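Inspection log for the structure reproduced underneath, given as structure tokens.
The values are calculated or read from the model by the stated rules, or taken from the named source; none is laboratory data. Note that the structure is a prediction, hence the values are computed from the model and not measured. Don't worry about glycine lacking a Cβ; one is built from the backbone with ideal geometry, like all the others, and counts go over all protein chains shown. Each accessible area value is taken on the protein alone, full model and side chains, heavy atoms only, with ligands, DNA and RNA left out. Shrake-Rupley method; radii C 1.70, N 1.55, O 1.52, S 1.80 Å.
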Amino acid sequence: MAADYPDIDIAPFIDHTLLIPTATPEQVEQWCEEADRFHFAAVCVYPTYVRRVAELLHNKKPNVCTVIGFPSGATTSATKLYEAQEAVENGATELDVVINLGWLKTGETDAVHREIAEICEETGQPVKAILETNLLTDAEKRLAAEICMDAGVAFLKTSTGWNGGATVADVRLLKEVARERVGIKASGGIRTINQALDLILAGATRLGTSRSVNLLKERDTLKKSD
């Protein structure tokens, strides 16, 4: 590795993500094979592919992750809950749920809490609350984090990737608020190994990226050049 970075195995941090609208069954199979081969933490896909991913990863270590209310977070609470429950029935073991940003912005914090808490309670699976930090002030980020932790989430997630990506500053802020109570997932715009390592060193315990294999190749290239 480059001299400024420790030799961290980033593979166990990675949610191998395939959230392009044109994703094909063949790509889903490729993502699952790569996740198993490289020991990634999870494969993250749209709900329509959850059942297939669960079949492909049966008896294998990577978790089956999907997104709920993605990417806007503005679907109704009943819709989000149904989507989450159906995903779990189909084999999802992790749920990345976009919070309702409109409610947060207008002070409807009880509604934000109730929605996330219900999904956590009714599904019984780890929930990663997507805060979409690029659209929030620092005060709103802290508020959203506290609400979601109180609601029972397992992770705070920075971004969908549709409105900008993860930043070191936001990961540090979430780490400060979380105080080790929950994990932190940095997601969106992670394109280089140095970016990935910077986010891990800032406090990220998961990385959401579609460039997972490229990051590992870049890491290996840097190791050889040391």
Of all the residues that make up the stretch 63-95, how many are open to solvent by less than 10 Å² (accessible area, probe 1.4 Å), assigned to a loop (DSSP other than H, G, I, E, B) and either in contact (Cβ under 8 Å) with a residue 40 or more places away in the chain or under 18 Å from Gly124 (Cβ atoms) (or both)? 2
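For the stretch 98-116, what are the residues that are touching a Gly at 6+ places or on another chain (Cβ under 6 Å) and of a type in the set (A, V, I, L, M)? If you could, list the steps in order and put the result at the bottom.
First, the residues of the stretch 98-116 that are touching a Gly at 6+ places or on another chain (Cβ under 6 Å): 98-101.
Answer for the stretch 98-116, where residues must be touching a Gly at 6+ places or on another chain (Cβ under 6 Å) and of a type in the set (A, V, I, L, M): Val98, Ile99, Leu101.
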Flagged in the stretch 169-190 as touching a strand residue (DSSP E or B) at 6+ places or on another chain (Cβ under 8 Å) and not in a helix (DSSP H, G or I), in numbering order, are Val182, Gly183, Ile184, Lys185, Ala186, Ser187, Gly188, Ile190
Take Thr48 and decide whether it is of a type outside the set (Lys, Arg) and open to solvent by 10 Å² or more (accessible area, probe 1.4 Å). yes
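Considering only the stretch 217-226, how many residues are of a type in the set (D, E, K, R), touching a residue at least 12 places away in the same chain (Cβ under 8 Å) and surrounded by fewer than 19 Cβ atoms within 10 Å (Cβ to Cβ)?
Within the stretch 217-226, the subset of a type in the set (D, E, K, R) is 217-220, 223-224, 226.
Next cut, touching a residue at least 12 places away in the same chain (Cβ under 8 Å) only: 218-219, 223, 226.
This time we only want the ones that are surrounded by fewer than 19 Cβ atoms within 10 Å (Cβ to Cβ), so: 218, 223, 226.
Going through the stretch 217-226 one residue at a time, the tally reaches 3.
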Scan Ala42, Ala78 and give me the residue that is in contact with a Pro (Cβ under 7 Å, 6 or more places away or on another chain) and among the hydrophobic types (A, V, I, L, M, F, W, C). Ala42
Does the stretch 115-125 contain at least one residue that is surrounded by fewer than 17 Cβ atoms within 10 Å (Cβ to Cβ) and in contact (Cβ under 8 Å) with a residue 60 or more places away in the chain? no
Considering residues that are closer than 19 Å to Ala144 by Cβ, not in a helix (DSSP H, G or I) and not β-branched (Val, Ile, Thr), the number found within the stretch 115-129 is 3
Considering only residues that are more than 17 Å from Arg211 (Cβ to Cβ), in a loop (DSSP other than H, G, I, E, B) and not β-branched (Val, Ile, Thr), which ones fall in the stretch 3-29? Ala3, Asp4, Tyr5, Pro6, Asp7, Pro21
Counting only residues that are of a type in the set (A, V, I, L, M, F, W, C) and open to solvent by 30 Å² or more (accessible area, probe 1.4 Å), which one in the stretch 156-190 is nearest to Ile116 (Cα to Cα)? Trp162
The condition from (1) outside any loop (DSSP other than H, G, I, E, B); (2) buried (at least 18 other Cβ atoms within 10 Å of the Cβ) that Asn194 misses is numbered (2)
Among the residues of the stretch 207-216, write down those that are in a helix (DSSP H, G or I) and either open to solvent by less than 20 Å² (accessible area, probe 1.4 Å) or touching a Cys at 6+ places or on another chain (Cβ under 6 Å) (or both). Ser212, Leu215, Leu216
The number of residues in the stretch 170-188 that are farther than 24 Å from Asp7 by Cβ and within 15 Å of the chain's Cα centre (by Cα) is 4
Among Ala204, Ala166, Ala139, Ala144, which is in contact with a helix residue (DSSP H, G or I) (Cβ under 7 Å, 6 or more places away or on another chain) and assigned to a helix (DSSP H, G or I)? Ala144
If you check Ala35 against the conditions, is it open to solvent by less than 60 Å² (accessible area, probe 1.4 Å) and assigned to a loop (DSSP other than H, G, I, E, B)? no
